[in-house]
């Protein structure tokens, strides 16, 4: 197996002798060593991405939306669901084996007062009841 031509990279080489990651960086940015810089702390970057709806109290996510309709926020170099990041920034770690439920039923809302950690089964029950009532 031939390795990537970047010193210290042990991945298998592909295009132009680079591994897939370094080849992608070379194609997109012109530099196989490129690393994206994120400026500002998570809290201030996060705060700039939502808009407060004064009628509902929801903090509607204005950043990237994933295909399922949830907000996405790039934190520590990888995208995460925005409502989970909001909970962690405002309330602390999410307890193990719990999901974050939107009490307002608005999946773009990141207001921590509208979020609650619940079990997966409780989250599914609440979603089912909300669908039945609408």
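Bear in mind these aren't lab numbers, they're just calculated from the coordinates by the rules spelled out. The structure presented is a predicted model; accordingly, all values stated were derived computationally and were not measured. A quick note on method: Cβ atoms are made from the backbone with ideal geometry, for glycine too, and the neighbour counts reach across all protein chains shown.
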Rough spin-label spacing in nm, given labels placed 7 Å along Cα→Cβ, for residue 98 and residue 54: 3.3 nm
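Using Cα pairs closer than 8 Å and at least 6 residues apart in sequence, work out the relative contact order for the chain, in percent. Before the final figure, lay out each step's value.
Details: 171 pairs, mean separation 18.4, N = 134.
Computed value for the chain: 14 percent relative contact order.
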So how tilted is helix 120-133 from the main axis of the chain? Cα-based, degrees 0 to 90, rounded to 10. 60 degrees
Which one, 58, 19, 104, has the greatest fluctuation when you compute a Gaussian network model over the chain with C-alpha springs under 10 angstrom? 19
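Using just the helices of the chain, give the 222 nm mean residue ellipticity in deg cm²/dmol: DSSP H runs with n ≥ 4 each add -39,500 (n - 2.57), and the total is spread over all residues, rounded to 500.
Details: 4 runs with 39 residues, N = 134.
The helix-only estimate for the chain comes to -8500 deg cm²/dmol at 222 nm.
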In a Gaussian network model of the chain with springs linking alpha carbons closer than 10 Å, the residue among 31, 74, 66 that fluctuates most is 31
Please build a GNM for the chain, connecting alpha carbons under 10 Å apart, and tell me which residue among 48, 68, 86 fluctuates the most. 68
Descending Cα extents along the principal axes, the range 1-67, whole Å: 60, 27, 19
What whole-number distance in Å separates the alpha-carbon centres of the range 5-46 and the range 57-134? 30 Å
Relative to the chain, whose Cα atoms define the longest principal axis, helix 20-29 and its Cα axis are tilted in degrees, nearest 10, by 90 degrees
Treating every alpha carbon of the chain as one equal point scatterer without solvent, the Debye formula yields log10 I(q)/I(0) values at q = 0.18 Å⁻¹ of -0.96
Please give the length that would be gained between residue 68 and residue 107 if that part of the chain were fully extended, namely 0.36 nm times their separation in residues minus their C-alpha to C-alpha distance (nm, one decimal). 13.1 nm
